[in-house]
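Here is the structure we will look at, set down as structure tokens.
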Amino acid sequence: MTDGFEFTRDGEVARLTFTRPEKMNAITYGMWSAIPDVVARVEADPAIKVLVLTGAGAHFSAGADISEFRDLRSTADAAETYDKAVDGAVAALTASRKPTVAMIKGNCIGGGCQISVACDFRFAAEGSRFGITPSKLGIVYHFDSTRQLISLVGPAHAKYFLLSGELVDARRAREIGLLNDVFPAEELEASTMKFVETLASRSQASVRGMNRIIEKIVAGQEESDAEVHEIRLGALHGEDYAEGVAAFLARRPPKFTYR
């Protein structure tokens, strides 16, 4: 595993933890580059149903490690290479069929917020802070990440983040749709993991199929296509559908087997 990360598993749940607390979990070029491999590892493991991303210590992530910029973004070509690593990380998280959950405390700023927005769900502790700060660095934000941000908070709030670079607290982030929920710091872990357990208990054929369809809609697709048809048809012919209906009629919890 790349320096700056810790990858662990607990049953059906995998966890990727940023482990640079002395740097407020700033994300290095190597970490950006490694995220697609982590997601691929989760996708390939049939026993894993959910990936949780979090940060060690007091913060989720303060963003990209700007101390690398003088060397790794010193020319237009170098900046393009660096941005490809960022784009690859965002694309991998976005395309993951298995749900991804950002569990956030402290600062979630810049690239850290970008990572959280690429996840399917975001839960935060009271006192967390959020911001996206390209306007403080003379950078124009990534297209796909801008689209994802707009899909969550709308264009007016996206402009507030991107043009001002100002930070908002967790309460405000929840109000505008950036977060799914906010909890007292001491309840964040238990509350987030309760939701993760709910995701893992659902039909994975449904979860992964719907995740793909939502991704296509957010990306701008307006009509169904052959892939959507195959996803829905496959679910109807799958074991989870038969089990879900049988369990409902028998008034018992379903025991889904799809992996």
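The values are calculated or read from the model by the stated rules, or taken from the named source; none is laboratory data. Treat the numbers as computed from the prediction; the structure is a model and nothing was measured. Glycine also receives a Cβ, built like all others from the backbone with ideal geometry; neighbour counts cover every protein chain displayed. All accessible areas refer to the heavy atoms of the entire protein, side chains included, with ligands and DNA or RNA removed. Shrake-Rupley method; radii C 1.70, N 1.55, O 1.52, S 1.80 Å.
Determine the per residue accessible area of region 92-168 with all protein chains present and a 1.4 angstrom probe, expressed in square angstrom. Can you show the working numbers first?
Numbers: 2850 Å² over 77 residues.
Roughly 37 Å² per residue, with all protein chains present.
In this structure region 203-259 gives 73 Å² per residue of accessible area when probed at 1.4 Å with all protein chains present.
With helices defined as uninterrupted DSSP H runs, which ones in the chain have an alpha carbon span along their own long axis of at least 18 Å and mean Kyte-Doolittle hydropathy of at least -0.5? Intermediate values should be presented prior to the final figure.
Working: long enough: 29-44 (24 Å, 0.49); 76-95 (27 Å, 0.28); 188-201 (20 Å, 0.44); 204-218 (21 Å, 0.07).
Result, helices passing both filters: 29-44, 76-95, 188-201, 204-218.
Of all DSSP beta bridges confined to the chain, the antiparallel ones make up roughly 30%.
Of the residues GLN221, THR257, GLY234, the one whose Cα sits farthest toward the positive end of the charge dipole of the chain, with +1 on the Cβ of Lys and Arg and -1 on the Cβ of Asp and Glu, is THR257. Taking amide H as placed 1.01 Å from N in the peptide plane, the amide H of GLU126 sits under 5 Å from that of PHE183, ALA185, each at least 5 places away or on another chain. Bridging of LYS23 to aspartates and glutamates at a Cα separation below 16 Å is possible for ASP3, GLU6, ASP65, GLU68, once same-chain residues fewer than 8 apart are set aside. Extension gain, LYS159-ASP37: 0.36 nm per intervening residue step, less the Cα-Cα distance, totals 40.7 nm. Please report the projected area of region 34-182's Cα convex hull averaged over all directions, in nm². Spelled out: convex hull of the Cα atoms, projected over all directions, averaged, 8.7 nm².
Positive-end ranking of ALA91, MET210, ALA246 along the dipole of the chain, with charges on Cβ about the Cα centre, is headed by ALA246. Residues in region 1-87 average 47 Å² of solvent-accessible surface per residue, probe 1.4 Å, ligands and nucleic acids excluded.
Computed across region 193-244, the Kirkwood hydrodynamic radius from all distinct Cα-Cα pairs reaches 12.1 Å.
Under the classification rounded if a/c is under 1.5, otherwise prolate if a/b is larger than b/c and oblate if not, where does region 30-119 fall, given a ≥ b ≥ c as square roots of the Cα gyration tensor eigenvalues? Cα axes put region 30-119 in the oblate bin. Assuming charge only on the beta carbon of Lys and Arg (+1) and of Asp and Glu (-1), the dipole of region 89-243 about its Cα centre is about 500 debye to the nearest 20.
Going highest first, how would you order 225-232, 2-9, 26-33 by mean Cβ packing within 10 Å? Don't jump to the answer; show the numbers that get you there.
Numbers: 225-232: 12.2, 2-9: 14.4, 26-33: 21.1.
Top to bottom by mean Cβ count within 10 Å: 26-33, 2-9, 225-232.
Exceedance of the 28 Å cut-off in Cα-Cα distance is limited, within the set LYS49/LYS216; LYS98/LYS136; LYS159/LYS216; LYS136/LYS194, to LYS98/LYS136; LYS136/LYS194.
Leaving out ligands, DNA and RNA, what percent of the accessible area of the chain is carbon and sulfur, probe 1.4 Å?
Numbers: 7150 of 13140 Å².
Carbon and sulfur atoms account for 54 percent of the accessible area of the chain.
Net charge dipole, the chain: roughly 520 debye, given to the nearest 20, about the Cα centre with Cβ charges of +1 for Lys and Arg and -1 for Asp and Glu.
The phi-based Karplus calculation (6.51 cos²θ - 1.76 cosθ + 1.60; θ = phi - 60°) puts the 3J(HN,Hα) values of region 2-16 at 4, 4, x, 10, 10, 10, 9, 10, 9, x, 8, 10, 9, 9, 10 Hz, whole numbers, x for Gly and Pro. A cut-off of 5 Å between modelled amide H atoms, ignoring neighbours fewer than 5 places along the same chain, links LYS49 with VAL13, ALA14. The orientation-averaged projection of the convex hull spanning the C-alpha atoms of the chain amounts to 14.8 square nanometres.
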